[in-house]
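A.B. asks: Got a structure for you, written out below as structure tokens; questions coming shortly.
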Amino acid sequence: MITNAQSGTNIHEIAAGIYRINTPVLLPDGLHFNFNQYLIDDEAPLLFHTGPRRMFPLVSEAVARILPLARLRWIAFGHVESDECGAMNEFLAVAPRAEVAHGAIGCMVSLDDLCDRPPRKLADGEVIDLGGRRVRHIDTPHVPHNWEARVLFEESTATLFCGDLLTHTGDGPALTDGDVVGPALEAEALFHATALAPATAGTIRRLADLAPRTLALMHGSSTQVRCGESLRALADAYELMTQPR
Ligand SMILES: [Fe+2]
Ligand SMILES: [Fe+2]
């Protein structure tokens, strides 16, 4: 583990060649929270989440400890919010070969305009070959929130980069064997961040059907146990919440 003593930003390799960059933050009400970015180190390295624009110095420093920033080839993220992609143009500026890659809706609605270089539009299910690692783009509209929402599935390690799904608070470890569903439902009761809609549970069950072996979370501890089971339990809980009373 590498840690920046001032910010607490730390790096863990959670699966072969997949690094979790984590920065703990305190929310205004004193709640412990954290932001995770994931770097897939391959011939064509991919960064999933850039962190907020103001966190660029921390996240770029962490990336540079793993590989030269100029080698970054792909910038990807779950949806268009500042913690997911606030620093995308800063990364495009330091990585001349890098492209933002996102689904067609996200490009049409936001990224064609917001990105300093044109983004690469991906079709649902399209795979980018990183040179060994293969990341599959999966559209998940409104799951967990935003029309342009998507996840990435890395096929060789069966890692699901599930973004804000299963978000929880606290200062947990990089990987946990503990329950991730209960803490996610507690955070949901606090934040109401999920767009609870008729299609929500079905979309999450389709992600469980991928049989992921790692769930790489954006906020909280990632996990390598009971991945499909946890996604199905989350879907069941959301389904109950979306049923009319
Ligand atoms: Fe979000
Ligand atoms: Fe997020």
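The values are calculated or read from the model by the stated rules, or taken from the named source; none is laboratory data. All values derive from a computational prediction rather than experimental measurement. With ideal geometry, Cβ positions are generated from the backbone for all residues, glycine too; neighbour counts draw on all protein chains shown. Side chains are part of the model used for accessible areas, which takes the heavy atoms of the whole protein and leaves out ligands, DNA and RNA. Shrake-Rupley method; radii C 1.70, N 1.55, O 1.52, S 1.80 Å.
A.B. asks: Right, GLY106: within 16 Å of ligand 1 (Cβ to nearest atom) and either basic (Lys, Arg) or in a loop (DSSP other than H, G, I, E, B) (or both) or not?
C.D. replies: Considered against the rule, which asks whether it is within 16 Å of ligand 1 (Cβ to nearest atom) and either basic (Lys, Arg) or in a loop (DSSP other than H, G, I, E, B) (or both), GLY106 comes out as no.
A.B. asks: While we're here: For segment 145-168, state whether one or more residues are among the β-branched types (Val, Ile, Thr) and away from ligand 1 (no atom under 16 Å from the Cβ).
C.D. replies: Scanning segment 145-168 turns up at least one residue that is among the β-branched types (Val, Ile, Thr) and away from ligand 1 (no atom under 16 Å from the Cβ).
A.B. asks: Search segment 169-195 for residues being open to solvent by 20 Å² or more (accessible area, probe 1.4 Å) and among the hydrophobic types (A, V, I, L, M, F, W, C), and hand back the single one that is farthest from ligand 1 (Cβ to nearest atom).
C.D. replies: Among those residues, the one meeting the criterion is LEU175.
A.B. asks: A further question follows. Does segment 106-113 contain any residue that is more than 30 Å from GLU239 (Cβ to Cβ) and within 16 Å of ligand 2 (Cβ to nearest atom)?
C.D. replies: Looking through segment 106-113, none of the residues is more than 30 Å from GLU239 (Cβ to Cβ) and within 16 Å of ligand 2 (Cβ to nearest atom).
A.B. asks: Something else: Only residues that are in contact (Cβ under 8 Å) with a residue 40 or more places away in the chain and under 18 Å from ALA216 (Cβ atoms): list them for segment 77-87, please.
C.D. replies: PHE77, GLY78, HIS79, GLU81, ASP83, GLU84
A.B. asks: Looking at segment 215-232, which of its residues are away from ligand 2 (no atom under 15 Å from the Cβ) and either farther than 19 Å from ILE11 by Cβ or surrounded by 21 or more Cβ atoms within 10 Å (Cβ to Cβ) (or both)?
C.D. replies: Hits for segment 215-232 are THR223, VAL225, ARG226, CYS227, GLY228, GLU229, SER230, LEU231, ARG232.
A.B. asks: Can you confirm whether ASP42 is in contact (Cβ under 8 Å) with a residue 40 or more places away in the chain and of a type in the set (D, E, K, R)?
C.D. replies: yes
A.B. asks: Here's a follow-up. What are the residues in segment 121-167 that are charged (D, E, K, R), touching a residue at least 24 places away in the same chain (Cβ under 8 Å), away from ligand 2 (no atom under 14 Å from the Cβ) and in contact with an Asp or Glu (Cβ under 8 Å, 6 or more places away or on another chain), if any?
C.D. replies: ARG133, ASP139
A.B. asks: Shifting gears a bit: Is it the case that ARG232 is assigned to a loop (DSSP other than H, G, I, E, B), more than 17 Å from the chain's Cα centre (by Cα) and not small (Gly, Ala, Ser)?
C.D. replies: So ARG232 fails the test.
A.B. asks: OK, next. Any chance segment 88-109 includes a residue that's open to solvent by 60 Å² or more (accessible area, probe 1.4 Å) and among the acidic types (Asp, Glu)?
C.D. replies: Scanning segment 88-109, I find no residue that is open to solvent by 60 Å² or more (accessible area, probe 1.4 Å) and among the acidic types (Asp, Glu), so the answer is no.
A.B. asks: Can I ask one more? Given segment 55-101, what helices (runs of 4 or more DSSP H) lie entirely inside it while holding 1 or more residues that are within 16 Å of ligand 1 (Cβ to nearest atom) and either over 30 Å from ALA195 (Cα atoms) or out of contact with any Phe, Trp or Tyr (no Cβ under 9 Å at 6 or more places or on another chain) (or both)?
C.D. replies: Here the list reads 82-85.
A.B. asks: Out of GLU13, GLU61, report the one residue that is surrounded by fewer than 17 Cβ atoms within 10 Å (Cβ to Cβ), under 16 Å from the mean Cα position of the chain (by Cα) and at pLDDT 95 or above.
C.D. replies: GLU13
A.B. asks: Then there is this: Would you confirm whether any residue within segment 126-146 is surrounded by fewer than 22 Cβ atoms within 10 Å (Cβ to Cβ), more than 27 Å from ALA95 (Cα to Cα) and basic (Lys, Arg)?
C.D. replies: No, segment 126-146 has no match at all.
A.B. asks: So which residues in segment 1-54 are small (Gly, Ala, Ser) and either in contact with a Leu (Cβ under 6 Å, 6 or more places away or on another chain) or within 16 Å of ligand 1 (Cβ to nearest atom) (or both), if there are any at all?
C.D. replies: If the condition is that a residue be small (Gly, Ala, Ser) and either in contact with a Leu (Cβ under 6 Å, 6 or more places away or on another chain) or within 16 Å of ligand 1 (Cβ to nearest atom) (or both), then SER7, ALA44, GLY51 are the ones that fit.
A.B. asks: With respect to GLU90, determine if the residue is free of Cβ contacts under 8 Å to residues at least 60 places away in the same chain, more than 16 Å from ligand 2 (Cβ to nearest atom), touching a helix residue (DSSP H, G or I) at 6+ places or on another chain (Cβ under 7 Å) and closer than 17 Å to PHE48 by Cβ.
C.D. replies: yes
A.B. asks: Could you tell me which residue of segment 1-31 is farthest from GLY132 (Cα to Cα), considering only residues that are β-branched (Val, Ile, Thr) and assigned to a strand (DSSP E or B)?
C.D. replies: Here the residue is VAL25.
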